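Take a look at the structure set out below.
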Amino acid sequence: MKKITDERLILKNLKSIRGAYTIQTLGILGILGYDWITRGSEAVFESPLWFIFIVSTTAGLFFSMDISVSHETPKRTPKKSLGISTIIIALISIAVGIFVSFSSKSDSINGLIVGGVLFIVVLIPYIYLYYLRTKQQD
Amino acid sequence: MDNRVKIARVQVNLTQQQLAEKVNVTRQTISLIEKGKYNPSLNLCLKICYAVNKTLDELFWKERD
């Protein structure tokens with residue numbers, strides 16, 4: 001296929017991809033919904049479609065962060081924002097870790113793992129936001 | 001958006017197809033620009049200006065309503 005050089009067609013193509021993505025997402029949600037009704041929630045979480053749905057939604061959220069950062073009016077410096085976010089995430093992760101440690105069927109190692117994973121997973125988007133905010137300031 | 005692309009193109013004896021080839025777009029895009037139904041990017045505006053030997057002002061400038 002010939003490479004598209006016409007900017008109008010490039011834009012049209014992007015809009016078509018957006019439409020196709022919406023249809024695909026609705027299809028995935030439809031199949032997952034059907035699975036949920038007929039086979040229960042366990043079957044949904046084991047389905048590879050669930051994995052695709054989560055990965056594509058997360059990717060979509062990360063891409064839209066760039067747009068959110070462009071829209072926001074900066075109240076604090078990016079460094080200060082990241083610092084505050086890190087402290088809050090750390091406090092929440094510690095609280096969750098302690099809760100898991102003291103709950104039945106779990107030990108302190110489990111609490112440490114759950115707290116640590118939660119801290120890292122929640123911190124990653126904030127580090128990306130920090131990167132976008134500093135890039136925007138340049 | 002109203003513009004004077006069609007007049008300028010006719011002045012330099014170019015067809016829509018020839019202008020389209022010069023600026024790397026399709027004939028339909030040139031047609032839509034001339035009708036004012038598609039707003040080209042600044043980059044494409046400049047390419048059109050170079051192709052018909054006119055300035056941006058001459059082709060696209062419009063007084064505020």
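For the protein assembly as shown, the Kirkwood radius over C-alpha pairs fed into Stokes-Einstein at 4 °C and 1.567 mPa s yields D = 57 µm² per second.
With q set to 0.18 Å⁻¹, the log10 of I(q)/I(0) for segment A:1-117, from the Debye formula over equal scatterers at the Cα positions, is -1.08. Of the trypsin sites (Lys or Arg not before Pro) found in segment A:2-104, the ones in coil according to DSSP and having at most 12 other Cβ atoms within 10 Å of their Cβ are A:LYS2, A:LYS3, A:LYS75, A:ARG76.
Subtracting the Cα-Cα distance of A:ILE92 and A:ASP138 from 0.36 nm times their residue separation leaves 13.3 nm of extension gain.
Using only alpha-carbon positions in segment A:1-70, the gyration tensor eigenvalues give semi-axes of 31, 16, 9 Å once each is multiplied by 5 and square-rooted (largest first).
Contact order, relative form, for segment A:66-137: 39 percent (alpha carbon pairs under 8 Å, 6 or more residues apart, mean separation divided by residue count). Return one number: the angle in degrees, 0 to 90 and rounded to the nearest 10, between the long axis of the Cα atoms of helix B:42-52 and the longest principal axis of the Cα atoms of chain B. Around 60 degrees separate the two axes.
Below 18 Å, Cα to Cα, which aspartates and glutamates can A:LYS2 reach? Residues fewer than 8 away in the same chain don't count. Output for A:LYS2: B:GLU21. Using the Cβ-Cβ distance between A:LYS75 and A:TYR126 with R0 set to 22 Å, the FRET efficiency works out to roughly 0.90. In terms of distances greater than 32 angstrom between alpha carbons, the cross-link table entries A:LYS3/B:LYS62; A:LYS80/A:LYS105; A:LYS79/B:LYS47; A:LYS12/A:LYS79; A:LYS75/B:LYS62; A:LYS12/A:LYS135 yield A:LYS3/B:LYS62; A:LYS80/A:LYS105; A:LYS79/B:LYS47; A:LYS12/A:LYS79; A:LYS75/B:LYS62. Of all complete DSSP H helices in chain A, those with a Cα span along the helix axis of 20 Å or greater and a mean Kyte-Doolittle hydropathy of 0.5 or more are A:48-71, A:78-102, A:108-137.
The GluC sites (Glu not before Pro) of chain B meeting both criteria, a DSSP state outside H, G, I, E and B (loop) and at most 14 other C-beta atoms within 10 angstrom of the site's C-beta, are B:GLU63.
For segment A:58-97 and chain B, what is the separation of their Cα centres, given in Å? The distance from the Cα centre of segment A:58-97 to that of chain B comes to 45 Å. Here A:ALA20 and B:TRP61 are evaluated by their C-beta separation; at R0 = 45 Å the FRET efficiency comes out at 0.70.
Coordinate-derived values only; no laboratory data. This one's a predicted model, so the numbers in the text were calculated from it and none came from an experiment. Here Cβ is always computed from backbone atoms with ideal geometry, including for glycine, and neighbour counts include all displayed protein chains.
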